[in-house]
Amino acid sequence: MQKYSFFVNNSIYNNSFTRFNALKMQVFHKVSELSVFQQELQKKGHSLGFVATMGALHEGHLTLLRRANQENEASIVSIFVNPTQFNNPEDLEKYPRRTDEDLALLEAEGATAVFMPSVEEMYGENVQSEDIDLIGLDKGMEGEFRPGHFDGVATVVKRLFEMIKPQKAYFGNKDFQQVLVVQHVAKVFQLPVEVIGCDTARYSSGLAMSSRNFRLSPQGMEEAAIIYREMSWAAKNYQDYNPSGLRAAIRQHFAASNLELEYIEFADARSMRIVEDWSQHQEVRTFIAAFCEGVRLIDNTKLFP
Ligand code: PAF
C-alpha cells in the first residue's frame, strides 16, 4: 500500500510548508488545522486510520498504530487527557503525561499525524458530557465503579470522530466495554467509521500493557500479573462453579495477594449484562479491576466459548 507523503513533498517544494522539513509527522492542535490534511487525503482517495489515546504511550498503543498504518495510507493519533471521563479528580491529576516521549515514539513508528487539542478546543466553555443513550452497555463494571465514565468517553470519541473523520479507528480490547460503547456511538450517530477492537498487548507475565503501569514499581508489575493469572484460571475452571461461586473463589485468591480487588465480574460479551447463569449466554468475558500500589488496573479476557 502506498504511504501518504503529501506533506513531505510539500516541505521540499513549497516554502509555506517549511516546518515539515524538520518534522515529518504533522502535529495539529486545532480542528481548523486538520482540514488541509483531510482534503489532501480525500483528493488522493487515501484512507485514514485513527488511534485515540490519552498519551503516556506504550507498546499497546504502538501495536494499534502499526495496524492503522498497515490498513490505511495515512494514520493519525490523538493525545487528549479527557477530563469528563474521570469521576475522580485525583485520578485525572495523577494520570501520566509524557508528551515529548509520546511524540518521539509516534514519529519513530511512522504516524502521519498527531492531534493534540486543548480542553477548550474539545469542549469550549462547557466541559461536560453529552447525554447519550448507551443502551445499558455502560451499566456494569467500569460504568458502575466510575459513574459518568462512559458518558465522557462517548462524548469525546464522538467529537474526535467528527473532527478527524477517519475511515477506521483502532481500540484495544483491554477496554472491551469501551470498545462496545464506541461501536454503539458510531452506529447511532451514523458516523462513517469502522471501529475495530484489537487484541490486548501483554507482557510475558500476562499483565496487560497500560499507561497506568508507569506508576508501578518493578515489584508492583510482578504482583499485578495475578490479574491475568486469575482470569486464565477462571477460563479453565468455570465449569466447576456457578458464576457467584467462581467470583467468590477469585475474591479469595486476591485476598491472599497484595492487590485490592475492586470487582470481578462475568458479563455477556455482546450486551455487557452481568452473567448469573452460564447456560443463558453464548459468549462471556471475565472483567477485573484491582488496585496495585494504589494504582487502579483493569483487564478482561474471554471466559467462553
Ligand atoms: O482508552 C482511552 O485511552 C480513552 O478512554 C480514549 C478512548 C482515548 C477516550 O478518551
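Only the coordinates and a few stated rules stand behind these numbers; no lab work does. On a predicted model such as this, the values are computed, not experimentally measured, just so you know. Cβ coordinates were reconstructed from backbone atoms using ideal geometry, including for glycine residues, and neighbour counts include every protein chain displayed.
For ILE196, list long-range residues whose amide hydrogen, built 1.01 Å from N in the peptide plane, is under 5 Å from its own amide hydrogen.
The list, which skips near neighbours in sequence, is ALA169, TYR170, PHE171.
Starting with the fewest neighbours, write out LYS302, LYS168 ranked by other beta-carbon atoms found within 10 Å of each beta-carbon.
Listed from fewest to most nearby Cβ atoms, that is LYS302, LYS168.
Placing one identical point scatterer on every Cα of region 190-254 and ignoring solvent, what is log10 I(q)/I(0) from the Debye formula at q = 0.27 Å⁻¹?
-1.13
Using only the Cα atoms of region 235-305, what are the Rg and Dmax in Å?
Values for region 235-305 (Cα only, Rg and Dmax): 12.3, 37 Å.
Kindly express, to the nearest 10 degrees and within the range 0 to 90, the angle between helix 34-44's C-alpha long axis and the longest C-alpha principal axis of the chain.
80
Given springs between every Cα pair under 10 Å in a Gaussian network model of the chain, which of ASP151, ASP91, ASP138 has the largest fluctuation?
Highest fluctuation of the listed residues: ASP91.
So, R0 is 41 Å and r is the distance between the beta-carbons of GLU120 and TRP278; what FRET efficiency does that work out to, to 0.05?
Efficiency computed from Cβ-Cβ geometry: 0.25.
Under a 5 Å amide H to amide H cut-off, with H placed in plane at 1.01 Å, what residues pair with LEU303 once short-range neighbours are removed?
Here VAL284, ARG285, THR286 satisfy the definition.
Taking the Cα atoms of region 20-175, what is the range of coordinates along each of the three principal axes, in descending order and whole Å?
46, 31, 30
Are any of the pairs LYS94/LYS168; LYS43/LYS168; LYS44/LYS168; LYS43/LYS165; LYS24/LYS187; LYS24/LYS44 more than 24 Å apart by Cα-Cα distance, and if so, which?
From the list (LYS94/LYS168; LYS43/LYS168; LYS44/LYS168; LYS43/LYS165; LYS24/LYS187; LYS24/LYS44), the Cα-Cα distance tops 24 Å for LYS94/LYS168; LYS24/LYS187.
So, in nm, how far is label SER32 from label GLN128 when the simple model puts each one 7 Å beyond its Cα toward the Cβ?
It is 2.7 nm.
Mind checking the angle between helix 226-237 and the chain's longest principal axis? C-alpha axes, 0 to 90 degrees, to the nearest 10.
With both axes taken from Cα atoms, the answer is about 60 degrees.
Nearest-5 percent of antiparallel DSSP beta bridges in the chain?
Within the chain, antiparallel bridges account for around 50 percent of the total.
Only Cα pairs under 8 Å and at least 6 apart count here; give the relative contact order of the chain as a rounded whole percent.
Reported relative contact order: 16 percent.
For the chain, what ratio Rg/Rh do Cα atoms give with a Kirkwood hydrodynamic radius?
0.99
Considering only the other residues whose Cβ falls under 14 Å of the Cβ of ALA104, what net charge follows from Lys and Arg at +1 and Asp and Glu at -1? Please report the intermediate quantities before stating the final value.
Values: positive: LYS24, ARG98; negative: ASP100, GLU101, ASP102, GLU107, GLU109.
That works out to -3.
Treating cross-link reach as a plain straight distance, find the lysines whose alpha-carbon is under 21 Å from the alpha-carbon of LYS302, omitting any fewer than eight places away in the same chain.
LYS139, LYS174, LYS236
When the chain is fully extended, how far beyond the present Cα-Cα distance does GLU262 get from GLN239, taking 0.36 nm per residue of separation?
Extra length available between GLU262 and GLN239 comes to 5.9 nm.
Name the long-range amide H neighbours of SER47: under 5 Å, sequence gap of 5 or more, or other chain; modelled H, no Pro or chain starts.
Placed amide hydrogens put GLU73, ALA74 under 5 Å from SER47.
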